[in-house]
1. In whole Hz and in residue order, list the ³J(HN,Hα) couplings for region 70-80 that follow from phi through the Karplus curve 6.51 cos²θ - 1.76 cosθ + 1.60, θ = phi - 60°; x for Gly and Pro.
2. Which residue, Leu199, Leu179, Ile220, has the largest displacement toward the positive end of the dipole of region 166-221 when charges sit on each Cβ (Lys, Arg +1; Asp, Glu -1)?
3. If N is the number of residues in region 150-281, what value comes out of its Cα radius of gyration divided by 2.2 N^0.38 Å?
4. So what's the net charge close to Lys212: Lys and Arg +1, Asp and Glu -1, counting the other residues with Cβ under 15 Å from its Cβ?
5. Note the per residue figure in Å³ for the convex hull of the C-alpha positions in region 226-280.
Amino acid sequence: MPKRNALGKGLSALIPSAAAEDNSNEQFFHCPIELIEPNPYQPRQEFSAPELEEMVLSVREKGIITPLLVTRTESGYQLIAGERRWRAAQKAGLDRVPVVVREATPTESLELALIENIHRKDLNPIEEALAYNRLLEDTGLTQELIAKRLGKDRSTITNILRLLKLPSLVQKDIIDGRLSMGHARVLAGIKTPNDVKKLRDVTISKELSVRKLEALAKKINSPPSAKKRKKDDDDYMESLAHNLKRTLGTKVDITKKGKEGRIIIYFFSDDELERLLERLG
């Protein structure tokens, strides 16, 4: 079938109808830019101004080389992938942009946008974690199935999702690049928010490497050694013995083994024994 020439045929010719789909799930054409709206499921939230301006210059010189991926809406089209190119085209003053039309549900739009951004390495770790979390909630799929569909290891999905449990201050540091993904993984393994905050502060102020942060985290997460616990117990017993010595006015020893122990109260004369017996009632 010969391809229709859309030029000079008005808006209806530029927006292919269902009848013209030729049994295909996808179509390519140049779409008026004002008919395209952003993707509310776009996982990428941060767009670098310098990078966008660089793309604007490229678009002005060479146009849009890679088509945008869109799906139909009641009023036009909605982006699935290619929002940065769409923004650059607007700033560059383009009237039309090349698009590929694909029928997609909101969940499929999120999945496709996520795949594109992951492959382009455009997402920061928090954006990626939020996108995975939304896929889990919207689809009801397991982490394992989502990992398989996205071409990822399940452990990768699990580790990134753990970032969403970090305090908002730390998440902002990750978004802004003050903390790397390596730093983020270590902090996500810390048990208490207070310790996370302490390690976050020292990492940024001293510009710690991931390895040095891991060493600090290991000390915080490690339980006290048996030797240290014994020393703590001995110090406590010594403190109790000292308090009893002041109260009774004589030498006192306290020893403890497990949950059992003994208290030894010394006396050095019959009179002192009588005094202690009266004192003890």
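FYI, it's all coordinate maths here, none of it is from the lab. Predicted, not measured: the structure shown is a model, and the values here were computed from it. Cβ coordinates were reconstructed from backbone atoms using ideal geometry, including for glycine residues, and neighbour counts include every protein chain displayed.
1. So the J values, rounded to whole Hz, are 10, 10, 6, 10, 5, 9, x, 9, 10, 5, 9.
2. It is Ile220, whose Cα lies furthest towards the positive end.
3. 1.87
4. Around Lys212, the surrounding residues sum to +4.
5. 74 Å³
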